[in-house]
Each structure stands twice: as structure tokens, then as C-alpha cells.
Amino acid sequence: KCTGMMTAGAGVPSVTSAQAIGQAVQFLGAKRIALATPYSPDAIGRAKRCYETKYGLEVVAMEGFDVNDSYAIGQMGPEHAHDAFKRIDTPEVEVLVVPGGNFPTMPSIAAWEQEFGKPVITTNQAALWAMRRIMKMDDKVPGGGRLLGG
């Protein structure tokens, strides 16, 4: 619904960040995810419902930092997500997901994947992946994690 309006308005294909994350998890063949996000409990609850109802995923763990100010989120360090992963990662988690486009985590993806032994998907990485698919670009992105082949 939303992307249809965006695509019609812009005249080019579009995708929301939530769609990109849901599609990326499906692309990796995973079902069980953990969420580490800067957002409030209400926002993370909505994200959980979205991923479960629209993408058939199971959110087995989640942690939010209750920050709603986009400037404050942009000032947060990636260690917040890393520390959350340490608390919420279990063997049943197949993918660690970091919703939050202004949360500067993309440079940490490769190291996190190595440390935790599973894919990590962030908002900006998933959005880049989704747009590259739309544009039929399939070259690898160094440091982009398993999703981007690097």
C-alpha cells in the first residue's frame, strides 16, 4: 500500500526500510530474528508485529533503547547494538536485526557477523540491498555483510 503510493508519486520503484529488512531476512532463508533498536517499546512492538504478520518471521528476542529523537539516535555508538546482541543472542536466533536508519551501525556489520557467527541486517544495509536488487546490481559490497556479499 505505502510503496504503491511512493512508487506512483515518484514514478520509480520504491521500498520502505521495514519492507527491505523483511525481504532481506527472507532472502537469507531465515525465520527467527532478534531486534536491537534505539526505539521505544511501542515502536519496537510495532516492528515485531510487522515482521511477524507481513513476513512470517518470529521475533524471538528484542531490546530497545527508548530513544525517539533522531538527532540523539545519530549520536549513539554501535556499541549499543553490540551490547544488546550479547544480551539477546541465543542459538535459536538466526539473524540479528538493527532497525534504525539514523543509527550508525553499518561499518560494524562484518565484525558483528564474525563475532556472533550469524548474519546481521541493519536498516541502511537492507535498503541498499533492496535498491540494488531493483536496479539488478549484483556485485559484492566489501564490508556489507553476508547480505551484500562482502
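The values are calculated or read from the model by the stated rules, or taken from the named source; none is laboratory data. Predicted, not measured: the structure shown is a model, and the values here were computed from it. Using ideal geometry, Cβ is built from the backbone for each residue, glycine included, and neighbour counts are taken over all protein chains shown. Surface areas here come from the heavy atoms of the whole protein model, side chains and all, with no ligands, DNA or RNA. Shrake-Rupley method; radii C 1.70, N 1.55, O 1.52, S 1.80 Å.
Some points to look at:
- With all protein chains modelled, accessible area of Lys86 [1.4 Å, Å²]: 130
- Residue-normalised accessible area of the chain, expressed per residue, 1.4 Å probe, Å²: 51
- Cα→Cβ-extended label distance, 7 Å offset, between Thr53 and Ala111, nm: 3.8
- 27 Å Cα-Cα reach of Lys118 towards lysines, excluding residues that sit fewer than 8 places from it in its own chain: Lys31, Lys48, Lys54, Lys86, Lys136, Lys140
- Residues listed by number, the stretch 22-50, amide nitrogen under 19 Å from Arg87 label point at 7 Å toward C-beta: 33-48
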